[in-house]
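First up is the structure itself, then whatever we jot down about it.
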Amino acid sequence: MDAATLTYDTLRFEYEDFPETKEPVWILGRKYSVFTEKEEILLDVTSRLWFTYRKNFPAIGGTGPTSDTGWGCMLRCGQMIFAQALVCRHLGRDWRWIKGKRQMDNYFNVLNAFIDKKDSYYSIHQIAQMGVGEGKSIGQWYGPNTVAQVLKKLATFDTWSSLAVHIAMDNTVVMEEIRRLCQSHVPCAGAAACPALESDVLYNGCPEDLGLRGRLPLWKPLVLLIPLRLGLTEINEAYIETLKHCFMMPQSLGVIGGKPNSAHYFIGFVGEELIYLDPHTTQPAVEPGDSGCLPDESFHCQHPPCRMSIAELDPSIAVGFFCNTEADFNDWCQQIKKLSLVRGALPMFELVERQPSHFSNPDVLNLTPDSSDADRLERFFDSEDEDFEILSL
């Protein structure tokens, strides 16, 4: 049973606090004790960007919906997992949001990328309209894979973040493909107009140095999204330990999943319960104030997060990871390999060096905004949930 009693379209919540337990609380790669670090846990949760249903925003497409209540929950979860990648990219995992404290410009740059207007990189408007190319009409519910594919396309326009987005298909992560994608020497479109790229480019994790330019390949920060189906109608319990370990990795971006009309953004676990942010609250769309500053309190969940039994998780999910440097990616690969040795933990996906010969089509690399990849992807992977490859014992 959910730990929250929720009255939709209001902000009246009754939330259970964290249980008094010796079990550690894991939030996106960080380990906490309920007894000694409860404030730190809540501050970490509150600092995540929380995107919910909104109403009275500009009509999508000029004449479409002005609210996403009832259909936009998975789109909002996609925004949350991607916003966490941008926070790690521009602010760092240790960054915290404190109510009333003036935040740095990069924070507002991240937040503005998700505001409900047509020219924000990852707005509900952009996701809904880009989804038409994935066969989803505006106002239609998305599965985890569809929102991942759409976010990958939208990221190609975000030259400020300059991310490499890889979606691992067929339950297989191919290391060679990711290295080829992240070590690309091709500058992103519009780089000349993007001062952040001048100062923030990393060469294998080192700040840019002209002496390094000729010796080290450029590593674009990686957002890795892995759509999975962990059972037919309910999660196969053999995957539960593996899923928990994903939240324990420092590269964790969390998990998006849920059933139609009740998608959630899972950010951690305690014992046998998942911890998540729930988008099913309708708030008014936010406009910049007279000073031009964006009121941001409604984008942070300022109460204890929701919890649910892991066994109740819908088997259709997408797991996310962020590797800012090549060293981060190599470390992630080592952790995944070690995880395969954990007793009682069935691997959720396969990690291989090169693309297996049975793949019918490679993942699309180095997408540009005018790429017509949707048709190629559709040939071997339909975006509807029921067509996920089923993992079994």
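The values are calculated or read from the model by the stated rules, or taken from the named source; none is laboratory data. As the structure is a computational prediction, the values presented were derived from the model and not from experiment. Every residue, glycine as well, gets a Cβ built from its backbone with ideal geometry; the counts of neighbours run over all protein chains shown. Quick note on the areas: whole protein, heavy atoms, side chains included, nothing else; ligands and nucleic acids left out. Shrake-Rupley method; radii C 1.70, N 1.55, O 1.52, S 1.80 Å.
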Item to complete: Quick one: accessible surface of residue 124, probe radius 1.4 Å, all protein chains present, in square angstrom to the nearest 10.
Response: 0
Worksheet item: Using a simple spin-label model with points 7 Å from Cα along the Cα→Cβ vector, what separation in nm is obtained for residue 272 and residue 330?
Response: 4.1
Worksheet, complete the sentence: Among 99/338; 55/152; 38/101; 118/220; 136/220; 136/244, the pairs whose Cα-Cα distance exceeds 28 Å are 99/338; 136/220; 136/244
Item to complete: Leaving ligands, DNA and RNA out of it, rank 102, 76, 89 by accessible area with a 1.4 Å probe, largest first.
Response: 102, 89, 76
Worksheet item: Roughly how much of residue 241 is accessible, in Å² to the nearest 10, using a 1.4 Å probe?
Response: 70
Discussion item. Which residues among region 273-288 fall inside the zone where the amide N is under 11 Å from a point 7 Å beyond the Cα of residue 105, along Cα→Cβ?
Written reply: none
Fill in: Euclidean distance of C-alpha centroids, region 74-121 and region 43-62, integer Å
11
